[in-house]
Amino acid sequence: MSESDADRPLRDRVEEWLSREMPIIQMHGGTSAVRKADPQSGEVIVELGGGCAGCSISDVTSGNIEAALLEWPEIEDVTVRVPDPRESLGGPEQAESIMGIDRTEGGRGDWGSSNPGEDHL
């Protein structure tokens, strides 16, 4: 890191590093944002979103980000958050269907039911 880089805010340097060193995030439809970069405490919080939510390798990407940033002398603690994909649908308390229709057998009864019920058209 050059002297001019050291004068730039930590948040800016981490964001630039993410876009330069982790292009796979954007290439796969993901997003990254530095939510916190405190040079006093050395704490950095990065949040991944978009295609990263629910991605099967987001834990690998998170680990790579954490390992690389912890090598920076001014960073002591790194947290990478990846939202649960259900958060965009209203969280874990959200009904299984956002349209109000039970997802079991197209809303016609329980799984595998051959009798859709009396009120079925």
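Any read-out appearing in this document is the output of simple, stated calculations on the displayed coordinates, not a laboratory observation. Everything quoted here is computed from the prediction, not taken from an experiment. Note that we place each Cβ from the backbone using ideal geometry, even for glycine, and neighbour counts take in every protein chain shown.
For a quick check: sort Met22, Met27 by the number of other beta carbons within 10 angstrom, fewest at the front. Write out the running numbers ahead of the final one.
Values: Met22 18, Met27 9.
Ranked by crowding around the Cβ, least crowded first: Met27, Met22.
For labels at Asp38 and Asp7 in the simple 7 Å Cα→Cβ model, what's the distance in nm?
The two pseudo-label positions are separated by 2.7 nm.
Within 10 Å of each residue's Cβ, count the other Cβ atoms and sort Glu47, Glu21 from fewest upward. Please report the intermediate quantities before stating the final value.
Working: Glu47 16, Glu21 13.
Going from least to most buried by this count: Glu21, Glu47.
Any chance you could run the full-extension gain for Ser19 through Ile57? It's 0.36 nm times the residue separation minus the Cα-Cα distance, nm to one decimal. Don't jump to the answer; show the numbers that get you there.
Values: separation 38, 0.36 × 38 = 13.68 nm, distance 1.80 nm.
Working it through step by step, the gained length comes to 11.9 nm.
Between Thr31 and residues 5 or more places away or on another chain, which pairs have amide H atoms under 5 Å apart, with H built 1.01 Å from N, and which residues are they?
Gly49, Gly50, Gly51, Cys52
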